[in-house]
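In what follows, a single structure is set out as structure tokens and then discussed.
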Amino acid sequence: MPMHKTSAWPLAWVYLGLIVYASLYPFAYWRDQGVDPWFFLLAPPPRYWTAFDVVANVLGYMPLGFLLALSALRTGRGRLAFRLALLAGTGLSLLMETLQTYLPDRVPSNLDLILNVVGTLLGALSAWSLERLGVLQRWSRFRANWFVPHARGALVLLALWPVALLFPTAVPFGLGQVMERLEAALADVLAGSPFLEWLPVRDIELQPLLPVTEWLCVLLGLLIPGLLGYCIIGSRVKRLWFLVWMVVLGVGTTALSAALSFAPEHAWAWLDPPVQVALLAALALLGGLLWTPPRAAAALAVLALGVDLSLINQTTVGPYFEQTLFLWEQGRFIRFHGLAQWLGWLWPFAALVYVLSRLWGRGTET
């Protein structure tokens, strides 16, 4: 099989980092508890477990096994795909369970290790099955037909966008709101040191968003992934199909986030008239930009990202939003909230780096 550049490899690295975060959260109170780090390997199976724990441990490692095996298959290492995925998944799980020995809030378990290995195997088997069925070859033809060369970065970003929307945002589609939490984190780190006086202090406190500003943030939050797709899709008809699916995924994921945060009956509470108007305005603007060359779309994406990040980081998250975050972090999402949280914070900045690279470097076809 010829060598290919594949989006599966960077996605595998991203997912590996998220597993590390979920496995070691909250990264606090590390200490030697006076036991062998590998004691759990020969310990009796845990007496108390739930169906949620079993499913979560299996499903948590399935994407890793799938992405690792897929990246090996796509880069011409098909004979090693299964073994590489299994070795990496087993090694990572063993390392995470061992490190949990030093975290009082976490309990290492041989059952968790077995379930993680099973999840890795199932994921790798899924990738191998898709290869045998010819699905990967059809994807290669689809990708070559739909996207311009050097589209891997944008495809990774677009695949991560719905995941980033899972974590609650103060404004629908308002990713990248990091200023308030970053200032608080820096103040905690520098507390009690002379460096605290060097921390820049704003003259004006962060204020809640005005309705018109909130409307603009919703609009820009939808424009950005749309323009990102336009950077790698040249055909107007294909851009229109992409636009439809992008909106379906974005709206559906935001509704799922609301349902998880509050209750299923509140899944659509965020879709009030101002948000509906912003959604329709974003669709109209993206429809009018169907003829925009990829390089111009990248330039517009830089502008949209700059304005959106500037506006959304001049506002406070507010007590109501803080309560929402508390519900996520104290519920059964305590091990997984970091996955979407970090993506929600960092996705716009990664997108900004990507579109700037398209303007300044390779992959800037017009």
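The calculated FRET efficiency for residue 271 paired with residue 346, based on their beta-carbon distance and R0 = 35 Å, is about 0.85. Each label was represented as a point 7 Å from its Cα along the Cα-to-Cβ direction; for residue 42 and residue 357 these points are 4.8 nm apart.
Per-residue Cβ neighbour counts within 10 Å put 40, 66, 27 in the sequence 27, 40, 66, beginning with the fewest. If you plug the beta carbon distance of residue 210 and residue 280 into 1/(1 + (r/R0)^6) with R0 = 22 Å, you get a FRET efficiency near 0.60.
In whole Å, how far is the Cα centre of the range 32-48 from that of the range 99-166? Going from one Cα centre to the other spans 29 Å.
Put a dot 7 Å past the Cα of residue 259, heading toward its Cβ, do the same for residue 245, and the two dots end up 2.1 nm apart. Each label was represented as a point 7 Å from its Cα along the Cα-to-Cβ direction; for residue 135 and residue 51 these points are 2.5 nm apart.
A short reminder: the numbers here are calculations on the coordinates, not readings from a lab. Owing to the predicted nature of the structure, the values given are computational and were not obtained by experimental measurement. Cβ: placed from backbone, ideal geometry, glycine included. Neighbour counts: every protein chain shown.
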